[in-house]
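Shown next, in structure tokens, is the structure this report addresses.
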Amino acid sequence: MAKDRIKSVKGMHDLFEVDLATWRKLERAAQDTFTAFGYGEIRTPILEKTALFVRGVGEATDIVSKEMFRFDDSGGDGGKVTDVCMRPEGTAAVVRALLQAGKLTPDSDERVFYMGPMFRRERPAKGRFRQFFQLGAEAFGFTRPSIDVEMMAMVQTLLDELGLTGVKLLINTLGDPEDRAAYTEALKGYYQDHFDKLSDDAKDRLEKNPLRLLDGKEDVLVELAKDAPKIDGFLGDAAKAHFDDVREGLTRLKIPFVVEPKLVRGLDYYTRTVFEAVAESGLGAQNAVAAGGRYDGLVEQLGGKSMPGVGFAAGIERLVLLLEDAGKKLDKQPPQLMLIAADDAGRNAAEVLALDLRRQGTCVEVDHRGAKMKAQIRRADRASIPFVVVLGSREVEDGKGQLKKMATGDVQDVDLTADALSAGLQTLSSAS
Ligand code: HAM
């Protein structure tokens, strides 16, 4: 009896070549952009101690309180039981790693980028997964608003590099911690006055994280947010001047943006600037492709000396969905050439020649099924392989064959060497 097939875990997906061709293009563009801005790569483990995110991201945030893949690891750390989780985001982990390596000293500056999987136990939806990939960057040691601007410029450069238009940059400020505390109190008061209208979930937010009431998706919250107090009235002079400079800097670099007072972000570590790049169409409700901001208190929060930080992360799947929607999906490239074997001597010669060509970087296909010559040619045709050469005893003996362009039937006599075939491929490719 056939056994049930075991499927992947909900919200976690396999990735196949058809999609990964676009992923690689994206990753390459990101690497080039990060390098041009002076960022070096960092890779941190997938498992971290849960305390890192409880302390770094905030116990009351959704991603920590509800969405962690969390378990007890016994046997690590000298036999003690350790509460660990699969990282839900990269920023706290990057801070932990740099602190642990002694790299975050008050007069140092560090700029790092990362790419890799993150895990959140969310309800899966279009563009929302339980394993998803982020690419992101973090810069430490810079207080000036120009680094906030540079971070957003880097996001914009990447989007431009990918040819993605229709992504809007939203920015806001959450002020300094004392501004934010006063603002949070004002929000509490406002929503308390409307307590009866709130759902259980909203009441829970009111108690634990009132800022998040502003970006709630429920109709009543959208309605209430319109008249809710705005952060402007609560900003201290320093935070206000910082935000003015950020806006001026973006304008100077000709990076379009919209100030969105309801943008509060779901992680607790932000101070002053926050931003999100949102797709105007194609992603439905999960339209944030990249998000970030300044977090001047996080390094200290995690046991380091006081040190400013700013960064962002982008969802790779969401960027890929946008690229695919924009018709920028890259299909797997077919091999350039198939060496067709007419007999055993041809088969042996094809294997040797294929290896030589592959070592030079040419993608070559040979038959491994023992198929007849005609079947091999049919296969080359079906796989859209543009060029073929037939190799039989006669060709092997003469050391010469005919390179054929499948689309036109054009042929060219070639020596059966890797160099001559490469040259022939070039000549026939450029001939229309
Ligand atoms: P975040 O807003 O939680 O921020 O995530 C950043 C981006 O990751 C989102 O804008 C979205 O594109 C993608 N993303 C988040 N959750 C999912 C999901 N379940 N499925 C698919 N994509 C998702 C952070 O993670 C911060 N660490 C960003 C940051 C870096 N702030 C400062 N530095």
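Does any residue of segment 300-309 turn out to be modelled with pLDDT of 95 or more, closer than 30 Å to Leu425 by Cα and not β-branched (Val, Ile, Thr)? For segment 300-309, residues modelled with pLDDT of 95 or more, closer than 30 Å to Leu425 by Cα and not β-branched (Val, Ile, Thr): absent. Look through Thr143, Thr157 and report the one residue that is in contact with a Phe, Trp or Tyr (Cβ under 9 Å, 6 or more places away or on another chain), open to solvent by 10 Å² or more (accessible area, probe 1.4 Å) and either in contact (Cβ under 8 Å) with a residue 12 or more places away in the chain or assigned by TED's automatic domain parsing to the domain that holds Tyr39 (or both). Of the residues listed, the single one that is in contact with a Phe, Trp or Tyr (Cβ under 9 Å, 6 or more places away or on another chain), open to solvent by 10 Å² or more (accessible area, probe 1.4 Å) and either in contact (Cβ under 8 Å) with a residue 12 or more places away in the chain or assigned by TED's automatic domain parsing to the domain that holds Tyr39 (or both) is Thr157. Do we find a residue being over 20 Å from Gly11 (Cβ atoms) and open to solvent by 70 Å² or more (accessible area, probe 1.4 Å) anywhere in segment 63-71? No, every residue in segment 63-71 fails to be over 20 Å from Gly11 (Cβ atoms) and open to solvent by 70 Å² or more (accessible area, probe 1.4 Å). Only one of the listed residues (Arg144, Arg123) is within 13 Å of the ligand (Cβ to nearest atom) and basic (Lys, Arg). That residue is Arg123. Taken as a whole, segment 416-430 holds no residue that is surrounded by 17 or more Cβ atoms within 10 Å (Cβ to Cβ), of a type in the set (Val, Ile, Thr), in contact (Cβ under 8 Å) with a residue 24 or more places away in the chain and not assigned by TED's automatic domain parsing to the domain that holds Phe132. Of all residues in segment 95-119, those that are closer than 30 Å to Ser8 by Cα and open to solvent by less than 40 Å² (accessible area, probe 1.4 Å) total 6.
Of all residues in segment 68-91, count the ones that are assigned to a loop (DSSP other than H, G, I, E, B) and without any contact (Cβ under 8 Å) to a residue 40 or more places away in the chain. Residues in segment 68-91 being assigned to a loop (DSSP other than H, G, I, E, B) and without any contact (Cβ under 8 Å) to a residue 40 or more places away in the chain: 4 in total. One residue stands out in segment 166-219 among those that are of a type in the set (Phe, Trp, Tyr) and surrounded by fewer than 19 Cβ atoms within 10 Å (Cβ to Cβ): the one that is nearest to Arg272 (Cα to Cα), namely Tyr190. Flag: Val54 does not match the condition of being open to solvent by 30 Å² or more (accessible area, probe 1.4 Å) and farther than 29 Å from Phe140 by Cα. Taking segment 79-114 as the range and being of a type in the set (A, V, I, L, M, F, W, C) and within 12 Å of the ligand (Cβ to nearest atom) as the test, the residues that pass are Ala92, Ala93, Val94, Val95, Val112, Phe113.
Filtering segment 368-384 to residues that are free of Cβ contacts under 8 Å to residues at least 40 places away in the same chain and under 15 Å from Pro334 (Cβ atoms) leaves Gln376, Ile377, Arg378, Asp381, Arg382. Among the candidates Gly315, Gly304, Gly284, Gly297, the residue that is within 13 Å of the ligand (Cβ to nearest atom), in the same structural domain as Gly102 (by TED's automatic domain parsing) and open to solvent by less than 30 Å² (accessible area, probe 1.4 Å) is uniquely Gly315. Being within 36 Å of the chain's Cα centre (by Cα) and open to solvent by 90 Å² or more (accessible area, probe 1.4 Å) is the filter here, so list the residues in segment 351-374 that pass it. Those that are within 36 Å of the chain's Cα centre (by Cα) and open to solvent by 90 Å² or more (accessible area, probe 1.4 Å): Arg358, Arg359, Gln360.
A quick yes/no check of all residues on (1) surrounded by 14 or more Cβ atoms within 10 Å (Cβ to Cβ); (2) modelled with pLDDT of 95 or more; (3) part of a strand (DSSP E or B):
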| position | (1), (2), (3) |
| --- | --- |
| Leu330 | yes, no, no |
| Ala349 | yes, yes, no |
| Gln376 | yes, yes, no |
| Glu397 | no, yes, no |
| Gly401 | yes, yes, yes |
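Can you say whether Val274 is within 10 Å of the ligand (Cβ to nearest atom), at pLDDT 95 or above, farther than 22 Å from Leu162 by Cβ and part of a strand (DSSP E or B), as far as the supplied structure shows? When the stated conditions are applied, Val274 passes them. Restricting attention to segment 1-48 and to residues that are aromatic (Phe, Trp, Tyr) and under 24 Å from Glu122 (Cα atoms), the residue that is least open to solvent (accessible area, probe 1.4 Å) turns out to be Trp23.
The values are calculated or read from the model by the stated rules, or taken from the named source; none is laboratory data. Source: prediction; values computed, not measured. Here Cβ is always computed from backbone atoms with ideal geometry, including for glycine, and neighbour counts include all displayed protein chains. Just so you know, the surface numbers come from the protein's heavy atoms only, side chains and all, with ligands and any DNA or RNA stripped out. Shrake-Rupley method; radii C 1.70, N 1.55, O 1.52, S 1.80 Å.
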